[in-house]
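Novice: What follows is a single structure, and I will ask about it in a moment.
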Amino acid sequence: MGRSAAFFDLDKTVIAKSSALAFGRPFYRDGLIGRRDVVKTAYAQIMFRLGGTDDQAMVRTRDYLAELCKGWRVDQVRQIVAETLDELINPYVYAEAAALIEGHQAAGRDVVLVSTSGDEMVRPIGVLLGVTDVIATRMVVSDGHYTGDIEFYAAGPNKVLAVRQLAEERAYDLTESYAYSDSVTDAPLLETVGHPTAVNPDRGLRRIAAGKGWPVRAGRHPSPPGRR
């Protein structure tokens, strides 16, 4: 039996909000986006909380955010994320997810965050959770600025490809590995491992989980680290 890992989707699986949309207000404060964009990101955050996202909505959000960040300085984005992480993300981490991550680490498994959000946001959130391995969307950068193009979009089948590539590099036994997600768009990811779990599943994933006999978990208690 080889090494095993645990792969966690981020939004609504580990945290109770969309990491890609969480930083709208500080981006506005620092002059990166206008008032209209603040309203759009706030609306998208509400819709995300109420109904999740399907493939088409994810693609629209991807294209909107890629165009939005065209010309931004990468170091400025990283600084904003670092300065606001404790306020905007930390209180929204599910206590149940934090306990699961710690349990896998205690069992000697590598934990990997697998998120459609941008690497500049996901990696610091990983550090917050004690996770160093991240698979996330990467934007094209030229001369320290985003070009508005996407180098790697970490969604759907691309998540599976990245997970399989990492498993090959590190000799993970995927049949002995774990995966957690809330979204039907991650069903291929969950099918890749021997121990899939639906967390706060949307309607489509709940149906698949019931048909395949997958465990279903709930994350109901976002809480600051002191209480976790």
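The values are calculated or read from the model by the stated rules, or taken from the named source; none is laboratory data. Computed from a prediction, not measured in an experiment: that's the story for all the values here. So basically every Cβ, Gly included, is an ideal-geometry build from the backbone, and we count neighbours across all protein chains shown. Note: accessible area is taken over every heavy atom of the protein model, side chains too, but ligands, DNA and RNA are not part of it. Shrake-Rupley method; radii C 1.70, N 1.55, O 1.52, S 1.80 Å.
Novice: With an 8 Å cut-off on Cα pairs and a minimum separation of 6 or more residues, tell me the relative contact order of the chain in percent. Kindly include the intermediate steps, with their values, before the conclusion.
Specialist: Details: 395 pairs, mean separation 63.7, N = 228.
The value is 28 percent.
Novice: To continue, here is another question. Kindly express, to the nearest 10 degrees and within the range 0 to 90, the angle between helix 157-170's C-alpha long axis and the longest C-alpha principal axis of the chain.
Specialist: For helix 157-170, the angle is close to 60 degrees.
Novice: DSSP beta bridges in the chain, what fraction antiparallel, as a percent rounded to 5?
Specialist: Antiparallel: roughly 25 percent of the beta bridges in the chain.
Novice: Still on this structure: Could you work out the helix-only [θ] at 222 nm for the chain, with each DSSP H run of four or more residues adding -39,500 (n - 2.57) and the total divided by the number of residues, to the nearest 500 deg cm²/dmol?
Specialist: When only DSSP H runs of four or more count, the value is -14000 deg cm²/dmol.
Novice: With a cut-off of 8 Å between alpha carbons and a minimum separation of six or more residues, what is the relative contact order of segment 75-181 in percent?
Specialist: Once divided by the residue count of segment 75-181, the mean separation gives 19 percent.
Novice: Then there is this: On the protein heavy atoms, probe 1.4 angstrom, tell me the percent of accessible surface of the chain carried by carbon and sulfur.
Specialist: For the chain, the apolar C and S fraction of the accessible surface comes to 50 percent.
Novice: Further question on the same structure: Taking the 0 to 90 degree range and rounding to the nearest ten, how far is the long axis of helix 95-106 tilted relative to the main principal axis of the chain, both from C-alpha atoms?
Specialist: Between the helix axis and the principal axis of the chain, the angle is about 60 degrees.
Novice: Sticking with this structure for a sec: Around residue 159, under 10 Å between beta carbons, what's the net of Lys plus Arg minus Asp minus Glu among the other residues?
Specialist: Residues close to residue 159 contribute a combined charge of -1.
Novice: Return the aspartates and glutamates within reach of residue 70: Cα separation strictly under 12 angstrom, same-chain partners fewer than 8 residues apart disregarded; answer none if there are no such residues.
Specialist: Within reach: 149.
Novice: Now for a separate question. Compute the angle between helix 35-51 and the longest alpha-carbon principal axis of the chain, please, reported from 0 to 90 degrees and rounded to the nearest 10.
Specialist: So the inclination is approximately 20 degrees.
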